[in-house]
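Chemist: Please see the structure below; I have some questions.
The values are calculated or read from the model by the stated rules, or taken from the named source; none is laboratory data. For clarity, every value in this text was computed on a predicted model and none was experimentally measured. Neighbour counts are summed over all protein chains in view; Cβ atoms, including those assigned to glycine, are modelled from backbone coordinates with ideal geometry.
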Amino acid sequence: MSILLFLIFGLIVGIIARWIVPGTGPGGILGDLIVGVIGAFIGGYIYRFFGHVGVTGFNLPSLVCAVIGAIVLLWVLRAISGRPRAA
């Protein structure tokens, strides 16, 4: 996959993941892009762990794989950066 196509794919994945996971995410379009690209890698590792093929290109199975990875990443980011509990 070319770099430009990979970045567009990451942006789409980041936007979808932000719609699915409630709350505020990392800032703006650049944040969506970063979450989408890193999420694609995470989703690929998760899928390969269970014996499936990860992200293989710009297709629907790869999109689902990458969105799952981006959702996991957003949950982890929000768990780490959560507000401290009131005493």
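Chemist: For residues in the stretch 10-54 being more than 10 Å from the chain's Cα centre (by Cα) and in contact (Cβ under 8 Å) with a residue 40 or more places away in the chain, which is surrounded by the fewest Cβ atoms within 10 Å (Cβ to Cβ)?
Modeler: Gly23
Chemist: Being assigned to a helix (DSSP H, G or I) and more than 17 Å from Ala17 (Cα to Cα) is the filter here; which residues of the stretch 48-87 pass it?
Modeler: Initial filter on the stretch 48-87 (assigned to a helix (DSSP H, G or I)): 48-49, 60-80.
Within the stretch 48-87, Arg48, Phe49, Ile80 meet the criteria.
Chemist: What's the total number of residues in the stretch 54-84 that are hydroxyl-bearing (Ser, Thr, Tyr) and under 13 Å from Gly43 (Cβ atoms)?
Modeler: 2
Chemist: What residue, of Val37, Val13, is over 14 Å from Ile68 (Cβ atoms), in contact with a helix residue (DSSP H, G or I) (Cβ under 8 Å, 6 or more places away or on another chain), assigned to a helix (DSSP H, G or I) and at pLDDT 85 or above?
Modeler: Val37
Chemist: Could you tell me which residue of the stretch 19-33 is nearest to Phe58 (Cα to Cα), considering only residues that are at pLDDT below 85 and part of a helix (DSSP H, G or I)? Working first, answer last.
Modeler: Just the residues of the stretch 19-33 that are at pLDDT below 85, to begin with: 21-33.
From the residues that got through so far, the ones that are part of a helix (DSSP H, G or I) too are 28-33.
Working: Gly28: 23, Ile29: 20, Leu30: 20, Gly31: 20, Asp32: 17, Leu33: 15 Å.
Across the stretch 19-33, the extreme among qualifying residues is Leu33.
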